[in-house]
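Comments concern the structure below.
Please treat every number below as a calculation from the coordinates, not as lab data. Computed from a predicted structure; not experimentally measured. Here the Cβ positions follow ideal geometry from the backbone for every residue, glycine too, while neighbour counts run over all protein chains shown.
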Amino acid sequence: MHDIKWIREQPADFVAALSRRGGDSEDAKMRADLLVKKLQGLDEQRRAAVTSLENLLSRRNAASKEIGQAKAAKDDARAQELMAEVAKIKEQLPDLEHEVRTVEAMLDDALSNIPNAPLSEVPLGDGEAGNVEREDHRFGTPRTYGFTPRQHFEIGEALGQMDFEKAARMSGARFVVNMGPLARLERALGQFFLDTHTAEHGYMEVNPPILVRDEAMYGTAQLPKFENDQFPTFRTEDFDHALAQAQENVAEQVAALIGQGIDPKSALEKSNLAAQVRKAQIGNRLWLVPTAEVPLTNLVRESILSEEELPLRLTALTQCFRAEAGAAGRDTRGMIRQHQFTKVEMVSVTTPEASSDELERMLSCAEAVLKKLDLPFRVMTLCTGDMGFGSRKTYDIEVWLPGQNAYREISSCSVCGDFQARRMNARYRPKADKTPRFVHTLNGSGVAVGRALVAVLENYQQENGTVAVPDALAPYMGGLKVIEKLS
RNA sequence: GGAGAGGUGGCAGAGUGGUUGAAUGCACCGCACUCGAAAUGCGGCAUGGGUGCAAGCCCAUCGGGGGUUCAAAUCCCUCCCUCUCCGCCA
């Protein structure tokens with residue numbers, strides 16, 4: 001969420017930042033320009049409506065106070081006169097209130113659908129091709145094999161410990177079941193990442209809910225103000241029950257209003273029917289988190305931290321769920337792109353001054369676990385057009401996969417500035433200054449466990465089809481050195 | 001799932017229709033005292049929005065939404081959350 005004041009006062013900066021997201025094309029500039037005009041129009045409309053509404057309320061409040069005084073002074077005539085005036089004011093209120101509410105909702109909706117502004121140093125580009133490899137962050141050299149390296153699913157299936165068909169029978173495409181030593185290897189990776197971040201990098205381990213409400217998804221900008229059907233994650237449903245409940249509630253409320261002497265028609269209008277219907281639509285449904293970024297970051301929602309608590313560094317090992325709606329046909333074979341996968345996530349909450357350095361630190365934490373596993377990788381700075389909605393700057397770590405003969409994303413570290421903090425109302429109180437400021441938030445994978453399993457299988461595979469266990473994982477594998485076909 | 005009690009500022013905790021944006025305590029900030037500190041005394045201290053060059057003024061906010069009233073932290077409805085008891089359960 002952007003600050004409307006920023007857009008009001010520095011519209012040129014805003015247009016420039018937004019245009020860069022679109023690769024600075026003429027088209028992008030034009031669209032940003034149009035958007036600013038729309039936002040400024042709404043903002044002016046809003047302020048005008050608020051001002052007239054507040055003037056009316058102000059007069060009403062003053063008159064009400066006077067009524068109290070007049071009554072105390074037993075001046076009934078004056079009281080009657082003032083009550084008549086207030087009655088007149090109250091006739092004008094509903095329309096103005098409605099206008100304020102409508103315009104505010106439109107502005108809010110427009111603002112919450114605008115992506116974050118890229119930092120100035122982020123390379124310009126409008127797609128994956130514009131990403132730039134980071135100097136001095138390449139690690140390791142792809143090994144040479146005396147045979148043609150196989151892909152991870154060929155290895156796993158041949159070992160008899162990775163089965164896509166069994167998974168498909170119960171859950172459909174994009175699910176997998178790992179068994180035996182391979183299942184343990186995946187668990188070992190998760191444990192190893194978590195232990196490293198807590199013991200060596202100062203993160204606190206958190207075991208958060210992975211089913212969350214709309215507000216939490218909105219807070220981390222997974223969700224705009226209202227969800228749309230393209231949104232790539234899953235949710236639970238509870239529609240029938242919620243609808244029945246809502247009907248019951250509305251009926252009760254209307255009955256109560258009629259009991260107060262209000263005619264049935266306006267009673268129905270006055271019952272919070274709209275809210276009830278909305279409630280029914282939402283029901284008790286919850287979202288399955290696409291990443292632990294959501295619950296970890298929402299840990300600070302609606303709170304004011306003290307500066308001493310910052311930076312807050314949190315890590316979690318969780319399941320993640322993604323619908324992958326926009327990825328039809330991509331990575332259909334294997335474990336690269338699944339509806340359900342395990343990931344270790346890191347989240348940092350910092351002061352505005354510290355967030356840029358924190359991004360570098362977070363990147364190095366993610367790199368550290370790959371180095372311990374001796375997996376070759378490179379680091380890409382994502383260009384303006386390839387970054388996620390809420391990010392100001394993103395590094396992707398791409399791990400080498402000999403079976404695919406390609407570098408593939410295994411971690412993504414982003415700094416979001418105050419973008420998520422605004423949406424969550426997450427602030428801190430600076431030592432020097434008493435008014436709270438929005439915190440900055442960062443998130444990064446440390447790293448994706450499913451993809452790490454893929455990388456280990458492909459990098460540590462041997463000609464006879466077995467897989468060597470990386471030294472760093474030995475303590476987690478109960479002494480197992482090699483993963484072989486089960487007898 | 002059933003019954004009951006609650007939700008007030010950074011924290012604790014008063015406040016059941018009228019000048020209460022909210023007593024008091026703690027925390028925090030400034031000043032005084034002190035070589036310094038503690039203790040003590042005095043003063044300050046909510047957030048968001050509108051308006052104004054500014055000082056300031058105005059509006060909203062006592063879990064969220066709606067209603068009653070000239071006027072709501074206070075009365076009514078509803079949702080959410082917390083706690084206690086019962087039931088069920090990993």
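Sorting the Cα pairs of segment A:407-457 by distance into bins of 10 Å, from 0 upward, gives 23, 31, 22, 17, 8, 0 percent per bin.
Taking the square root of 5 times each eigenvalue of the Cα gyration tensor, what semi-axes in Å does the equivalent ellipsoid of segment A:59-218 have, largest first? Before the final figure, lay out each step's value.
Values: eigenvalues 916, 115, 77 Å².
Semi-axes from the Cα gyration tensor: 68, 24, 20 Å.
Axis angle, to the nearest 10 degrees, between helix A:180-200 and the longest C-alpha principal axis of chain A: 60 degrees. Neighbour counts of other Cβ atoms within 10 Å put A:296, A:370, A:57, A:194 in the fewest-to-most order A:57, A:194, A:370, A:296.
The order of A:336, A:397, going from fewest to most other C-beta atoms within 10 Å of their C-beta, is A:336, A:397. Note on chain A: Cα-only Rg and Dmax are 28.2, 104 Å.
Taking label positions 7 Å along the Cα-Cβ direction at both residue A:26 and residue A:9, the computed distance is 3.5 nm, reported to one decimal. Within segment A:289-367, the GluC sites (Glu not before Pro) that combine a DSSP coil assignment with at most 11 other C-beta atoms in a 10 angstrom radius are A:302. Over the C-alpha trace of segment A:69-115, radius of gyration and Dmax come out as 19.2, 60 angstrom. Distance between the C-alpha centres of segment A:138-167 and segment A:287-347: 26 Å, rounded to the whole angstrom.
Out of the trypsin sites (Lys or Arg not before Pro) in segment A:295-361, which ones are loop residues according to DSSP with at most 12 other C-beta atoms within 10 Å?
A:330, A:333
With neighbour counts taken as other beta-carbon atoms within 10 Å, the residues A:2, A:152 rank, fewest first, as A:2, A:152.
Computed over segment A:95-178, the P(r) tail beyond 18 angstrom holds 75 percent of alpha carbon pairs. Distance from a point 7 Å along Cα→Cβ of residue A:59 to each backbone N in segment A:75-99: keep the residues under 15 Å and list them by number. The answer is A:82-97.
Ellipsoid semi-axes for segment A:1-93, based on the Cα gyration tensor and the rule √(5λ), read 50, 11, 6 Å when sorted largest first. Each residue, residue A:83 and residue A:191, gets one label point 7 Å from its Cα in the Cβ direction; the gap between the two is 7.7 nm. Semi-axis lengths, largest first, of the ellipsoid equivalent to segment A:15-66 are 42, 8, 4 Å, with √(5λ) applied to each eigenvalue of the Cα gyration tensor. In chain A, helices alone account for a calculated mean residue ellipticity at 222 nm of -15000 deg cm²/dmol, with every DSSP H run of four or more residues adding -39,500 (n - 2.57).
For segment A:347-487, the Cα-based Rg and Dmax, in that order, read 19.2, 68 Å. Extension gain, residue A:482-residue A:285: 0.36 nm per intervening residue step, less the Cα-Cα distance, totals 66.5 nm. Looking at chain A, the DSSP beta bridges with both ends there are about 90 percent antiparallel.
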